[in-house]
Amino acid sequence: RASGSGTFDGDALLNCVQKLSEELTRAEDCSNEVEKGCELVVRRCCEGLAGYVRDRGDAARLRAVAECADALNGRIVDVVREVAYLTNGNAEAVEEALAEDIMALEATMFDEFLDNICRHVAGCTKLGSMSFDREEGGKDGNGTALDAPKQFPAYLSACLLAIVRCRAQVERALGDTTIRRSQGITYQYLAMATAADGVVAGICYELNERMSRMTKRQADRFANELQFLMNTLKKYLSDDMLSVAENCRRMLCAKAGHLQGDGPDGLAAIEELERLGRVYVLCLGE
């Protein structure tokens with residue numbers, strides 16, 4: 001049924017096929033009608049899910065994706081088996097026909113969700129103004145020496161929190177082990193990888209835009225912060241994005257006047273970031 005209730009009523013379709021199996025004496029003579037009827041029911045179910053998502057947000061999209069995933073791995077498999085038994089037909093051909101509409105809807109819903117992730121994290125990657133505690137020599141306008149910052153950078157916090165929230169949203173709808181049939185990878189990982197790549201791409205763009213105006217001290221600190229981000233998200237970053245981040249980090253190191261990226265604070269600066277951002281490290285790190 002196309003009720004728009006946010007559910008894929010695979011049970012009703014299975015019950016219908018089972019009832020036909022009991023009532024038809026020569027089902028193989030009307031196999032084409034049975035298969036087409038099942039396709040029509042599946043299409044109406046997909047239309048119902050699409051109607052449910054309309055004017056709703058990402059939670060509804062993920063619910064529709066979850067319904068599609070459950071159908072593909074559950075009731076549709078049962079329906080295909082019953083139809084193939086009833087009509088003496090080719091199970092693979094029946095499954096392909098029934099799965100086509102479901103996979104098309106799933107692809108639309110999940111791709112829209114991923115697009116929204118990209119838009120959301122893009123708004124979190126703004127570095128903001130480079131405040132006086134990032135100035136050369138660590139001194140304020142009066143020439144007074146400043147202590148090393150004791151707060152986790154706000155832009156990193158916003159970005160990593162967006163990724164954590166993304167994971168929670170996907171887990172709530174799909175769990176952490178549901179695999180996307182078209183890619184053979186869990187939905188959770190795909191969402192996390194999209195968010196992680198979006199964060200690093202946005203931050204590297206911001207850094208490249210500002211690099212010519214940075215002081216050596218600012219470049220050094222941003223290099224350490226970018227290295228921390230790469231360490232934390234490396235489980236999810238694509239090879240291409242890791243390369244982009246590494247190139248950006250090397251340019252920051254060159255701007256800071258050193259080659260290896262340790263800077264004046266060296267590994268201690270990254271360890272301090274790991275301490276200050278330990279919640280994110282525990283949630284996202286290996």
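The values are calculated or read from the model by the stated rules, or taken from the named source; none is laboratory data. Computed from a predicted structure; not experimentally measured. Glycine also receives a Cβ, built like all others from the backbone with ideal geometry; neighbour counts cover every protein chain displayed. Areas reflect the complete protein model, heavy atoms only, side chains present, ligands, DNA and RNA absent. Shrake-Rupley method; radii C 1.70, N 1.55, O 1.52, S 1.80 Å.
Scan E96, E106, E67 and give me the residue that is part of a helix (DSSP H, G or I), surrounded by fewer than 21 Cβ atoms within 10 Å (Cβ to Cβ) and not hydroxyl-bearing (S, T, Y). First the steps, then the outcome.
On the way: E106 fails: surrounded by fewer than 21 Cβ atoms within 10 Å (Cβ to Cβ); E67 fails: surrounded by fewer than 21 Cβ atoms within 10 Å (Cβ to Cβ).
Exactly one residue qualifies, and that residue is E96.
Just a yes or no: is a residue in the range 106-124 in contact with a Gly (Cβ under 7 Å, 6 or more places away or on another chain) and either closer than 15 Å to G10 by Cβ or modelled with pLDDT under 90 (or both)?
Restricting attention to the range 106-124, the residues satisfying the condition of being in contact with a Gly (Cβ under 7 Å, 6 or more places away or on another chain) are 117-118, 121-122.
If we keep only those that are either closer than 15 Å to G10 by Cβ or modelled with pLDDT under 90 (or both) too, we end up with 122.
Yes.
Which one of these is farther than 20 Å from G184 by Cα, of a type in the set (A, V, I, L, M) and exposed (fewer than 15 other Cβ atoms within 10 Å of the Cβ): L49, L40, L127, L86? Explain how you work it out, then say what you get.
On the way: L49 fails: exposed (fewer than 15 other Cβ atoms within 10 Å of the Cβ); L127 fails: exposed (fewer than 15 other Cβ atoms within 10 Å of the Cβ); L86 fails: exposed (fewer than 15 other Cβ atoms within 10 Å of the Cβ).
Going through L49, L40, L127, L86 in turn, the sole match is L40.
Scan the range 156-189 for residues that are crowded, with 19+ Cβ neighbours inside 10 Å and not basic (K, R) and jot them down.
Of everything in the range 156-189, those that are crowded, with 19+ Cβ neighbours inside 10 Å and not basic (K, R) turn out to be L156, C159, L160, A162, I163, C166, V170, A173, L174, Y187, Q188.
What is the one condition in (1) under 24 Å from R119 (Cα atoms); (2) open to solvent by 40 Å² or more (accessible area, probe 1.4 Å) that R278 does not satisfy?
Condition not satisfied by R278: (1).
Go through the range 223-245 and give me each residue that's among the polar types (S, T, N, Q), closer than 14 Å to R275 by Cα and surrounded by 22 or more Cβ atoms within 10 Å (Cβ to Cβ).
Pass one, the range 223-245, residues among the polar types (S, T, N, Q): 224, 227, 231-232, 238, 243.
Those left that are additionally closer than 14 Å to R275 by Cα: 224, 231-232.
Of everything in the range 223-245, those that are among the polar types (S, T, N, Q), closer than 14 Å to R275 by Cα and surrounded by 22 or more Cβ atoms within 10 Å (Cβ to Cβ) turn out to be N224, T232.
Could you check the range 173-286 for helices (runs of 4 or more DSSP H) lying wholly inside it with 1 or more residues that are touching a Lys or Arg at 6+ places or on another chain (Cβ under 6 Å), under 24 Å from A59 (Cβ atoms) and modelled with pLDDT of 90 or more? First the steps, then the outcome.
Numbers: elements: 187-210, 216-233, 239-256, 267-276, 278-284.
The qualifying helices (runs of 4 or more DSSP H) are 187-210.
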